[in-house]
1. For the stretch D:21-42, how many residues are within 18 Å of D:Gly126 (Cα to Cα) and at pLDDT 85 or above?
2. Restricting to the stretch C:63-95, and then to whatever is among the acidic types (Asp, Glu) and in contact with a Ser or Thr (Cβ under 9 Å, 6 or more places away or on another chain), can you tell me which residue is modelled with the lowest pLDDT?
3. Given the criterion part of a loop (DSSP other than H, G, I, E, B) and away from chain B (no Cβ under 14 Å), identify the matching residue among E:Leu295, E:Leu252, E:Leu288, E:Leu279.
4. Please return the ranges of helices (runs of 4 or more DSSP H) entirely within the stretch D:190-239 where 2 or more residues are within 28 Å of D:Val69 (Cβ to Cβ).
5. Select from the stretch A:146-170 the residues that are facing chain E (nearest Cβ under 7 Å) and more than 18 Å from A:Ala253 (Cα to Cα) and list them in ascending order.
6. From the list E:Ala119, E:Ala133, E:Ala111, which residue is more than 8 Å from chain A (Cβ to nearest Cβ) and in a helix (DSSP H, G or I)?
7. Does E:Ala232 satisfy being within 14 Å of chain B (Cβ to nearest Cβ) and of a type outside the set (Ser, Thr, Tyr)?
8. Which of the residues spanning the stretch A:5-29 are modelled with pLDDT under 80 and within 11 Å of another protein chain (Cβ to nearest Cβ)?
Amino acid sequence: MSSPFEWLIFLPFAGGVITFLLPGKSRPWLALLLTVGTFAAAWWLASDVWREGPQGYALGGWEAPLGINLYADGLSALLLLTTSAVMTLASFYSLGYFSREAEASSWTEARAFVPLWLFLLGSLNALFVSRDLFNLYVALELLTIAGVALVALAGGATALRAGMRYLLAAFLASLLYLMGVALLYGEFGVLDLALIAEAAEGGTRAPVIALAFVFLGLGIKAALFPFHAWLPHAHASAPAPVSAVLSALVVKAAFYVILRLWVDVFADSVTAPAAQAAGALGAAGILWGSFQALREQRLKLVVAHSTVAQVGYLFLLFPLLTGVGEGAWRFDAWAGGVYHMMSHAFAKGALFLAAGTILYAYGNDQISAMRGLTRTLPITTVSFGIAGIALVGLPPSGSFIAKWMLLTATIESAQWWWAVVIGAGTLLSGAYVYRLVSAAFTPDTLPESIRPVPRVMEYASLILALTSLGLGLRAAEPFDLLEVGAPFSMIVAGVGT
Amino acid sequence: MSTFELYAALAAVLFAVGLYGFFVRQELVRKVVGLNIIGAAVFLLLIAIAYRNRGDFADPVPHAMVLTGIVVAVSATALALALARRIEDETGTRRLPEDEESS
Amino acid sequence: MVMSVFLYGLALFLILNLIAGLVRVLRGPTDADRMLAAQLFGTTGVGILLVLAEAQGLAALRDVALVFALLAALATVAFVRARRGPGSSEGEAGG
Amino acid sequence: MIETGGWLPVSILATSGLVGIVIFFLDEPRHRTRNFLNIFAALAKIVLVAIAIGGYVEGEEYEARFAFVLEFDLLLRVDAVSLLFAGLSSVLWLLTTIYAIGYLEDSPHRSRFFGFFSICVTATMGIAFAGNLITFVLFYELLTIATYPLVVHRGSEEALAAGRTYLIYTLGGGTALLVGVVWLHTIAGPIEFGPGGVLEQAASGNSWELRVIFAVLIGSLGVKAALVPLHGWLPVAMVAPAPVSALLHAVAVVKAGAFGIVRVVHYVYGSDFADSLNLLLPLAIIASITIVFGSLRALAQDDIKRRLAFSTVSQLSYITLGVAIVGPIAAVGALVHLVHQGVMKVTLFFCAGNLAETLGIHNVSELDGVARRMPVTMTAFTIGGLGMIGLPPIAGFISKWHLGLGAMEADFAWVIVILATSSLLNAAYFFPPIYAAWFKTPQVEYPPAPGRLETSWMLLVPAAATALMSFLAGALAGVPYSPLDIAELVAEVVYPP
Amino acid sequence: MLEHGVDIVLAGSIAVVAWRVLLEPQLFRSMVLFIAMGLMLSLAWVRLAAPDIALAEAAIGAGLTGILLIRAAQTEAAQEAAAAAREAATSGWRRWFPGAGRIVSAAAALAFAAVLLVAVIDLPGEPIGLTEAAATEMEASGVEHPVTSVLLNFRAYDTWLEVGVLLLAAMGVLAIHRTYNLRSTRSEEHTMLVLTWLARIILPLAVLIAGYLYWSGTHQPGGAFQAGAILAAALVLMQLAGFRGVSGLSTLWLGAGLMLSFAAFLAVGFIGTFEGEFLRYRHATGELIILALELTIVVSTAVTLAALFAGAGSQSGDDSDAVRARTPPESL
């Protein structure tokens, strides 16, 4: 086990097996230990990438095209770090969240939760290091099934129905993706992304149609408007740590695959109109998600709709990669999008965890019931506020930097209309975050009894929120890491200042 | 029309049929059936592609992919049916409400 | 050559048989007809597979025929159970 | 990273920033600790700013630079104009803190209040020392975030509504500012503030774009600087507790806007270059309209704080006006008014707060004869009011004098008319309350003073101190290190002789 | 010529049957047709020189999925009619445009089909793929059947994760039922004598066939998944005949059965890292390792598929408390 790749795959899956088989109350602690271990492995991989450039790994010693190769560049490393960091904190949180031993059902919940949770982590890791079209399909499928099971864990008609919607949408999406993969295999005869990238060039229709299938499938999984309808209830009905991870990471995983294929593999096959269309759907998602978030009465639904909106931002980077001439803005757009992915992962994780804390304490999560939150749960309020800042993209959050870069790209590539969308999105997200924050500031009558909240829950969300803030205070190193193996260069020679 | 083209065309047709069924039928079990038909279409295309490239044997990689795909499909189907069953227990219907808010 | 034509002709004939069975499944009129027709699938399927094994020169297809035979029995059981199982009307489920 | 002397601006920020964070986590009843921390930090900050002023005059350079993202740095740098603003803020922070401790005695949520209060001051200091636009934007938005909880501190319906208005204006402004700054960077690269402007060299070829960007920047800064028609939030925000009004309206928020305009005109564009783009005359006209409009609206207000708020709208635009007139004398007027208006207006708000807190007086019509009951407060009020009108030897006179001279020098004779009109209007809305307080007979019996003093010393001392400062700043304008002295120093740098 | 005729008739009838599957108003009949479609698809796989897939389709696709669906289709006729009525009286804009949904769906489906056809026609004429590569490397893989060499050596990682998907689905079903074994799931009460008899005959036969398929997988079509599916079918039959089957397994044994294969891959992968890479076994023992892994796949697939069947089909009408215990904090 001399390679970080091995640990990244081995640890969570082994943990899943062990926690499933072994009874005992130590399960959640073991999960925590393994998520921390995975973080260490991700750190190891990131430092290898940082020092030596992109890393490859041939599973079973079989090189592509016959075998499956793993690959990690700066992008993978950053997302792996994000994944294990968010999941570590969410695991901390779940120590408190599932500690209700008195209630038998929740203990069952916790028992089912831990192995599924570790499988989810393993499949995310597998996905972020995969360089094989079909392996990506299997990883996505693992992710989906684990996600559905975790949503359904909450029990009750709402969660079951939400899980069902999620499963149906994701199942269809997987098949669309696989259809695309079949066509691509028919065209190129290989599955390895790097080999396809060598062979791919614009021109024939088959790869373009194949890509349309692939992107459609992944778009559904990433909840791109108008394929987002499954998301809000699925993310809102799940247990809090699950909601956090679904919104923070699982949706991003599908987007990550789109990004890889679009930018690294098929850059020449996708056309400018397709990019504009992706951007337009993203913009529609921003507006629609934000409007829905403004209308919802339940806290977790607001946060879930906001995910639809925030995913929209990610798709704005595709039109920004187009444009006339050579310029550093392509890196700005690409890196801005990736940074938004990360920052949003932490912020949304924090928000869902905080929302879960409120639900835990108050017994419901109506926004109107949040009154007096500053007094009852001050730390949760603070994490709420900080995560809200990151969601709106105000400084000093990582999303601010992301927004800065995206705006730079819009202006340098002379596509001002996307700047308008970004601006409108900022104001709308400000509006729905404001709704929540102002509800927290309303003093008013407090509920008679509040269930005491384990401290670990409050601090887990606070640390996540602070991390999203920290990303805004120090972006130099993440960007340096991101540039390792990046498809674009930070500075294009001879252009810019 | 070669064998490859015939079955590839069948794949296209099955895909459309399954998709239509998935969209139109409200009953969860039937939606799952629709998805299974779409799955069959995808597998058919893969195997047809493998058939096109055969020496001593047909291309084994798509075959392996389809085997994997079949197992994945049966997994998702079983999970979906278990969910559908539980939904029926909880709500008395095996459909999802038309609009999301009604719950 | 003649052999091949004969074998494929036979396979085609059996497939048409299968389709005839399908019509019964659709038309009924009773579930008994449907079930018998379904049983026919298994048997005919085995036949087609054996013929194709000869025609395509693929011995492995006989294994497939074996599995077919086994599962046809299973499917029949499932039908019976489904029609007989709790919650179904006994009246229609002849047998 | 931190170069020689860089510790100074960093520690000036840290004094309030760290204390703010500590205060957040203080338990509510620990008043002594909190008060001690507050006062100690405020005193430390004054000492540090004094050291900075001394050092700067000696020719020391203080600069702290942190890698931020890509080619952008976070830059904190001490220069003359930042010292002017920082000096004002640090002194007024001390006084406002003392005042707030007295004012909020026995009210809930004090940890929260003082926490945000400290963050606010930190953001203000950050704005003062920001050495480039990105740093400026960062702290500018931080200020928005930190002031919102102060505006809604009371949690009443009215307060929440005011908070909403405040956020709509400032978030809108912030978004526009971000767009403008990003846009500017795309054509000029990372730019640092430089006296006399830096754009003439960096991007003189894009005159139309520069004009639009100027409009965007001024428009967005104009929200906080309350330029008509973007002033709407200011009078509404009056529901905040008096110390907040004092801080917001005299120092932090509105000055941040005005200070930003100074930075943009003098340190980014350069007033000569801006003038060559025909940008300054429209700015002067808008400022003039705001001056007259604010005064007219102030006349009609009965609520003392609202009257003061509209007076702020009007007085602030003196700064903008001074910036918009080319020439060193007008610049001196603008800069010195930045300080003078702050000191005078904070006096007036302290007094208004005293009246409300001690006697429950909120309206001008209730002031009859109040000076007999509260002579010190009303003396302070009178000094502040007369200063606003521009009577010598109080501070306001110095600013108006320089503005007038500057206008003459620049052949903007019509500005004199504006100044005269404004002074008349100022007199019209300040004389009646002053007259009523001193010379009319009380309509009601005021409750007797609680002790030897007319009200708590913590409320009285800050008001008296700022009144004295208003007087001294005018009377002793010629001595070294007076606001005028430093303003002249700045003007020398901006307009090299 | 006739060869083509077989293909054309087969393809045509598959399309028609698929269409009828979706149109058939009665759920049960629709499921019977679905199974028929699976059988015909098996024939199509045979025609496309994919006997492995034909086996898998017969065992899993038509066999188990079909039985799963048939069982799911056991609804009260009355209930279904009521639901259909509800479906007809849809809300919102659909009331104003009856059939609009269908037209749009049909148009979308047709568009997809057209686009797919274009893509298929556009695929390059000359064959492209990995047949050659697999043929050259097969010797090093330890087995002589190309599909097995891909599944269990070249792309064993995918297979491992696929086993993981199967496992996760089982875990999901258990989670949905809020239980750790399937004892709470309903077993068939009124057993039929003929079924018991059938089960007694078929079970040993199934074990035999499964063993044969497993063994032959290294050098000819057949293999672990197919063998596992056949065993699963036998287990399901036991369940239907009133035996406890997998529902009788304790938490530990069920868990062990589900996990066995995934854990085995993990262990083999781990050992492989000492030689080089994860899942590396190119050396002389390759065949042994593959056989061992396949054996675990057989067991796990059988247990998992049977468990999925038991979980997906179980009704909670007469269930024990484990199913009854639902979460109190429902967020609505």
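1. 2
2. Per the criteria, the residue is C:Glu92.
3. E:Leu279
4. Passing ranges, in order: D:199-203, D:207-224.
5. A:Ala152, A:Leu153, A:Ala154, A:Gly155, A:Gly156, A:Thr158, listed by residue number.
6. The match here is E:Ala111.
7. Working: within 14 Å of chain B (Cβ to nearest Cβ): yes; of a type outside the set (Ser, Thr, Tyr): yes.
The answer is yes for E:Ala232.
8. A:Leu22, A:Pro23
The values are calculated or read from the model by the stated rules, or taken from the named source; none is laboratory data. Since we're looking at a predicted model, the values are computed, not measured. Using ideal geometry, Cβ is built from the backbone for each residue, glycine included, and neighbour counts are taken over all protein chains shown.
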